[in-house]
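Peer 1: Input: one structure, supplied below.
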Amino acid sequence: IAQLQSNTLEAFLRFDERSAHTYMDEAFTIYTMDKVLLDILAPLLVQVGLLWEDDKITTAHEHFATSILRSRIGAVMHAFPHNGILPKVIAVCAPGEWHELGLLIFTLYMRRKGYEVIYLGSSIKENDIDVVIQTVNPRFLFMSCTMTSNLVKTLDLTKSLENTFSNLVIGLGGFAIDS
């Protein structure tokens, strides 16, 4: 596992998409999807983020790696059918949030359980979420907040949505919520 992570990271840092996909293909061939997501791709994502925060890689490196990981996880997610009997779910990053891969992995697990998840990803305009909720009529809304600077806006939005949509169950997650 460590070698696949290392090889994939090196491919990202060389902007070598083909090799990165080859290493991820190898991981999915050898290990279960859960093992690849939780023990290879998620830690790799964290590692890329830490390298970027420590100015050891450029924003271009971080965007390149994130784009590939997002598309790969998204492709797996969209391969799962949903069960029309289960309630609908909306997954979105909190206001001001751009770190979406943790939410994407969570969405993948919801899709595996058969839920129809409308994945909105990184931050959308605050009033747009009301339109989506009115259109979709979900039972659940999950928001991810990783940056503590966005926590107050996230909690304010949560209270507003709870007041407007009384039947909506809202779940919050992410580093800012956990800490």
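The values are calculated or read from the model by the stated rules, or taken from the named source; none is laboratory data. Remember, it's a predicted structure, so these values are computed and weren't measured experimentally. Reconstructed Cβ throughout: ideal geometry from the backbone, glycine too, with neighbour counts over all protein chains shown. For accessibility, only protein heavy atoms count, side chains too; no ligands or nucleic acids. Shrake-Rupley method; radii C 1.70, N 1.55, O 1.52, S 1.80 Å.
Peer 1: What's the magnitude of the charge dipole for the range 29-163 around its Cα centre, counting Lys and Arg as +1 and Asp and Glu as -1 at the beta-carbon? Answer in Debye, nearest 20.
Peer 2: With only Lys, Arg, Asp and Glu charged at Cβ, the dipole is about 520 debye.
Peer 1: Between the range 106-177 and the range 45-76, what is the C-alpha centre distance in whole Å?
Peer 2: Value for the Cα centre distance between the two parts: 23 Å.
Peer 1: Moving on. Total Lys pairs in the chain closer than 26 Å by alpha-carbon, pairs eight or more apart in sequence or interchain only?
Peer 2: Qualifying lysine pairs in the chain: 7.
Peer 1: Working out 0.36 nm times the residue gap between Lys88 and Asp130, then minus their Cα-Cα distance, what length gain in nm do you get to one decimal?
Peer 2: Numbers: separation 42, 0.36 × 42 = 15.12 nm, distance 1.51 nm.
Full extension from Lys88 to Asp130 adds 13.6 nm.
Peer 1: List the residue ranges in the chain for DSSP H helices whose C-alpha atoms run 24 angstrom or more along the long axis and whose Kyte-Doolittle average is -1.0 or above. Each step should come with its number before you reach the end.
Peer 2: Values: long enough: 59-78 (28 Å, 0.08).
Correct list, ordered by number: 59-78.
Peer 1: Would you tell me the accessible area of Thr58, worked out with a 1.4 angstrom probe on the heavy atoms of the protein chains, in Å² to the nearest 10?
Peer 2: The accessible area of Thr58 comes to roughly 70 Å².
Peer 1: Using 0.36 nm per residue of separation minus the Cα-Cα distance, give me the extension gain between Asp156 and Asp34 in nm, one decimal. Write out the running numbers ahead of the final one.
Peer 2: Working: separation 122, 0.36 × 122 = 43.92 nm, distance 3.40 nm.
The span from Asp156 to Asp34 would gain 40.5 nm if fully extended.
Peer 1: Also, I was wondering about something else. How large, in percent, is the carbon and sulfur part of the accessible surface of the chain at a probe radius of 1.4 Å?
Peer 2: Whole-percent figure for carbon plus sulfur exposure: 54.
Peer 1: On to the next question. Which of these, Tyr31, Tyr115, Tyr23, has the largest mean-square fluctuation under a Gaussian network model of the chain (Cα springs below 10 Å)?
Peer 2: Highest fluctuation of the listed residues: Tyr31.
Peer 1: I've got another one for you. Which of Pro87, Leu120, Thr32 sits closest to the plus end of the dipole of the range 6-164, meaning its Cα is farthest towards the positive end, when Lys and Arg get +1 and Asp and Glu get -1 on the C-beta?
Peer 2: Projecting each Cα onto the dipole axis, the largest value belongs to Pro87.
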